[in-house]
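Asker: Here it is: the structure, laid out below.
Every number here is computed from the coordinates shown, using simple stated rules; none is lab data. Here the structure is a predicted model, which is why all the values come from computation and not from measurement. In this analysis, Cβ positions are derived from the backbone assuming ideal geometry, glycine residues included, and neighbour counts consider all displayed protein chains.
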């Protein structure tokens, strides 16, 4: 059964990308992409149910593997892909109507979008940590042309910076993986499975702590670059701001979590091998640094897509901070925050995309009175901004509250206080700008109108699920989260 | 280690030294054509090390990696890079942010740092010392020099060569500590590298068309 499931999850997006590369009719490109995404999402639900029942799944030769952690992440990533695929339909139709996108660019988008989904699923299902590396580098390569889709000066510059910085980071991570392999060869008799997660995790206690410490530094810098942890975050505002809206949304809701997933796997491994507070301290430092470093950039921001990119850096910091606290409650908070953040990022990026299409500008002071000109998108954007800043009654409030209580309970008083301070300061910045954009006086500038009804319904569903997550976590999801926490502890 | 293995190990040491020399020559080079040729030469020496390890120590899975190195890094990537630099008529001189003398001094320092990083790893090799582990300091130095080239040289092509030098250093350190990664992983890594070169190559064309120069100095409109 597992082999069927793995094949569907990997082959469907791959087949869809090949099809989109050969197809030219817009309608078929759209249909193929959203159907492929829907199948992937459906299979991810199946995968999550299967890992709840069997704890782990493994393909016959052990190349692919899934447990509750990969099941949860697959659900988040494929769900985000489905939402973005559906949004892309309206988005590119509108651009095509305004003759701002060529049919070649549309085809390239749909083909690469599916490649992007495939590479992310590949990382999540890989058992071999070498494959995990290959998949992560492939996500960078697959998204490069998506970032530079419009072929303008600024997007080329952003994409170049993105691919160069992330490739260097990921090269350093490869050295870390080599050191892990080196250490594992002393313990595992067969070199064929010495890089397999399922093998490594069972012998983690016997690995050489000194080597794994060194390996972890390289891995943290490497995958941290990809996740956008400060101070390796510099590519992120550029890439997120210049990429087409659906691409930035999927990067913020999907790709970020791929890098975090890799960090989590090595966190578990190295924490077990080294013990003590080595891993935790590094995570808390990088987490707080990422939250703190964005404050000046948020408070003095002119571009609202860059504003959202800094929000993404902040939330990666929050999740990494929570992993650093390293108690079961903190792990639960981190994973819950990962889910909430993905939904919230989709909502704010996609609604901001509607505002951008209406105003044809991503400069904050040129967008004023959005509530009058594009009432639905503007309201959803404002709701999203309140959710993103951790305002009750939305889901992110609950997860941030969980993380902070776990921090205080574990005795990290100063660190948790800094966390509260950063979150509060950022709340001020984000709401000030969002408020100006949505509620400011209507200026004379023209608007090209509201998005279509399907898009609005899609975004409303996101907003409602954030609200639901703030009041009550659905039982199957809660169970999956608890099982994923067990992966950290077993 | 038998006398035969000893000889092979000496050859490997000499080749590792040559690889490091090519890295230093790249740092001191002023011409783009020379950059690409040196990179090709460096990859050739690297392939020779891999061949020696494969045949000399009977680690036949490295043979694939050695052949891939020759096909991809010695032949394919240099051809692609030469095509690009010819087609976009880039000025063949290198722009420096740090001049040659200071660069060489910094890289000399990096070699010393690399040695101190390598020592704890080497001392963890209890008993079963590999014949190639002595090249580990050189390989870590290559990773660092590659990073340095990316920071200190401004052209898009030189950034790519810096990245590839890092990759070569990584490959060599993999050989040094574990006789390389499992074959299937190695093949995947080569595929990624080739894709990266092609993608960055296409980018150079596009950047050239839009900016009419591929110096990274022109790429400065994005800040904050």
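Asker: Tilt of helix A:153-185 relative to the longest C-alpha principal axis of chain A, in degrees (0 to 90, nearest 10)?
Answerer: Approximately 10 degrees, to the nearest 10.
Asker: Here is a follow-up. Once you've got the GNM for chain B with C-alpha springs shorter than 10 Å, pick whichever of B:176, B:17, B:47 has the biggest mean-square fluctuation.
Answerer: Greatest mean-square fluctuation among the candidates belongs to B:17.
Asker: Before rounding to the nearest 500, sum -39500 (n - 2.57) across all DSSP H runs of length at least 4 in chain B and divide by the residue total; then give [θ] at 222 nm in deg cm²/dmol.
Answerer: Numbers: 8 runs with 163 residues, N = 224.
Calculated mean residue ellipticity at 222 nm is -25000 deg cm²/dmol.
Asker: Let me ask another. Take peptide A:184-195, look around each residue's Cβ out to 10 angstrom, count Cβ atoms belonging to other protein chains, and average those counts. Before the final figure, lay out the partial values.
Answerer: Values: counts 1, 4, 5, 0, 0, 0, 0, 8, 3, 1, 3, 3.
Per residue, the average neighbour count from other chains is 2.
Asker: Continuing with the same structure: Taking R0 as 35 Å, what's the FRET efficiency between residue A:152 and residue A:63 from their Cβ-Cβ distance, rounded to 0.05?
Answerer: Values: r = 41 Å, r/R0 = 1.16.
FRET efficiency, residue A:152 to residue A:63: 0.30.
Asker: Would you give the gap between the C-alpha center of the stretch A:335-374 and the C-alpha center of the stretch B:8-46, rounded to a whole Å?
Answerer: Comparing the Cα centres of the stretch A:335-374 and the stretch B:8-46, I get a distance of 51 Å.
Asker: A further question on this structure: For residue B:123 and residue A:198, what does the FRET efficiency come to when R0 = 51 Å and r is the distance between their Cβ atoms, rounded to the nearest 0.05? Kindly include the intermediate steps, with their values, before the conclusion.
Answerer: On the way: r = 30 Å, r/R0 = 0.58.
The value I calculate is 0.95.
Asker: Now for a separate question. Roughly what angle does helix A:68-97 make with the longest principal axis of chain A, taking Cα atoms, 0 to 90 degrees, to the nearest 10?
Answerer: On a 0 to 90 degree scale, this one is about 20.
Asker: Would you mind telling me which residue in B:161, B:143, B:67 has the biggest mean-square fluctuation in a Gaussian network model of chain B, where springs connect alpha carbons within a distance under 10 angstrom?
Answerer: B:67
Asker: Quick check on packing: order A:386-392, A:350-356 by the mean number of other C-beta atoms within 10 Å, highest mean leading. Provide the component values of the computation, followed by the final result.
Answerer: Details: A:386-392: 22.0, A:350-356: 25.9.
Packing proxy ranking, top to bottom: A:350-356, A:386-392.
Asker: Need one word for the stretch B:1-81: rounded, prolate or oblate. Basis is the Cα gyration tensor (sqrt eigenvalues a ≥ b ≥ c); a/c below 1.5 gives rounded, then a/b vs b/c decides. Walk me through the numbers before you get to the answer.
Answerer: Working: a/c = 5.07, a/b = 1.63, b/c = 3.12.
Oblate is the answer for the stretch B:1-81, as a/c is 1.5 or above yet b/c matches or exceeds a/b.
Asker: Further, regarding this structure: If you fit an axis through the alpha-carbon atoms of helix A:375-388 and take the longest principal axis of the Cα set of chain A, what angle between them do you get, 0 to 90°, nearest 10?
Answerer: 30
Asker: If you don't mind, another one. Taking the highest mean first, how do the peptides A:315-326, B:181-192, A:22-33 order by number of other beta carbon atoms within 10 angstrom per residue? Numbers along the way, then the final one.
Answerer: Working: A:315-326: 27.4, B:181-192: 19.8, A:22-33: 16.0.
Most protected by this proxy first, the peptides run A:315-326, B:181-192, A:22-33.
Asker: Another question, if that's okay. Run the helix sum for chain A: -39,500 (n - 2.57) per DSSP H stretch of 4+ residues, divided by residue count, reported at 222 nm to the nearest 500 deg cm²/dmol.
Answerer: Calculated from helices alone, the mean residue ellipticity at 222 nm is -27000 deg cm²/dmol.
Asker: Tell me whether the stretch A:243-282 comes out rounded, prolate or oblate; compute the Cα gyration tensor, take square roots of the eigenvalues as a ≥ b ≥ c, and use a/c under 1.5 as the rounded threshold.
Answerer: Values: a/c = 6.77, a/b = 3.54, b/c = 1.91.
Note, shape of the stretch A:243-282 comes out prolate.
Asker: Continuing with the same structure: Between the stretch B:149-176 and the stretch A:442-490, what is the C-alpha centre distance in whole Å?
Answerer: 42
Asker: If neighbour count is taken as other Cβ atoms inside 10 Å, put B:89, A:161, B:154 in order from fewest to most. Let's see the in-between values first.
Answerer: Working: B:89 8, A:161 20, B:154 17.
With the sparsest Cβ surroundings first, the list reads B:89, B:154, A:161.
Asker: Would you mind computing Rg(Cα) / (2.2 N^0.38 Å) for the protein assembly as shown, counting N as its residues?
Answerer: Working: Rg = 25.1 Å, N = 714, 2.2 N^0.38 = 26.7 Å.
The protein assembly as shown yields a ratio of 0.94.
Asker: Taking the highest mean first, how do the peptides A:293-302, A:398-407 order by number of other beta carbon atoms within 10 angstrom per residue? Let's see the in-between values first.
Answerer: Numbers: A:293-302: 17.1, A:398-407: 21.8.
So the order, starting with the most tightly packed, is A:398-407, A:293-302.
Asker: Specify the inter-centroid distance of the stretch A:74-100 and the stretch A:220-298, based on alpha-carbon positions, in whole Å.
Answerer: Answer, in whole Å: 25.
Asker: Roughly speaking, what % of Cα-Cα pairs in the stretch B:3-211 are separated by over 27 Å, rounded to a whole number?
Answerer: Values: 6578 of 21736 pairs.
Tail fraction, whole percent: 30.
Asker: Please compute the contact order of chain A in relative form: average sequence separation of alpha-carbon pairs under 8 Å and at least six residues apart, divided by the residue count, as a percent. Let's see the in-between values first.
Answerer: Details: 797 pairs, mean separation 71.8, N = 490.
RCO, chain A: 15 percent.
Asker: Let me know the mean shielding of A:144-155 by other chains, meaning the per-residue number of their Cβ atoms within 10 Å of its Cβ.
Answerer: Mean number of neighbouring Cβ atoms from other chains: 3.
Asker: What does the C-alpha gyration tensor say about the overall shape of the stretch A:391-490? Classify as rounded when a/c is under 1.5, otherwise prolate if a/b is larger than b/c, or oblate. Present the calculation step by step, with values, prior to reporting the outcome.
Answerer: Details: a/c = 3.74, a/b = 1.51, b/c = 2.47.
Oblate is the answer for the stretch A:391-490, as a/c is 1.5 or above yet b/c matches or exceeds a/b.
Asker: If you don't mind, another one. Go ahead and run the numbers for FRET between residue B:17 and residue B:95, Cβ-Cβ distance against an R0 of 35 Å, rounding to 0.05. Write out the running numbers ahead of the final one.
Answerer: Details: r = 29 Å, r/R0 = 0.84.
After rounding, the FRET efficiency stands at 0.75.
Asker: While we're looking at this one, here's another question. Within a 10 angstrom radius of each residue's Cβ in B:115-123, how many Cβ atoms of other chains show up on average? Whole number is fine.
Answerer: Per-residue shielding by partner chains comes out at 2.
Asker: Taking only C-alpha pairs under 8 Å that are 6+ residues apart, what is the relative contact order of the stretch B:3-211 in percent? Intermediate results must be reported in sequence, preceding the final value.
Answerer: On the way: 261 pairs, mean separation 51.8, N = 209.
Over the stretch B:3-211, the number comes to 25 percent.
Asker: Exposure proxy check: A:433, A:304 ranked by fewest other beta carbons within 10 Å? Walk me through the numbers on the way to the answer.
Answerer: Working: A:433 20, A:304 26.
In increasing order of surrounding Cβ atoms, one gets A:433, A:304.
Asker: Here is a follow-up. Sort A:376, B:205 so the one with the fewest other Cβ atoms within 10 Å of its own Cβ comes first. Mind showing how you got there, number by number?
Answerer: On the way: A:376 18, B:205 13.
Ordered from fewest to most neighbouring Cβ atoms within 10 Å, A:376, B:205 come out as B:205, A:376.
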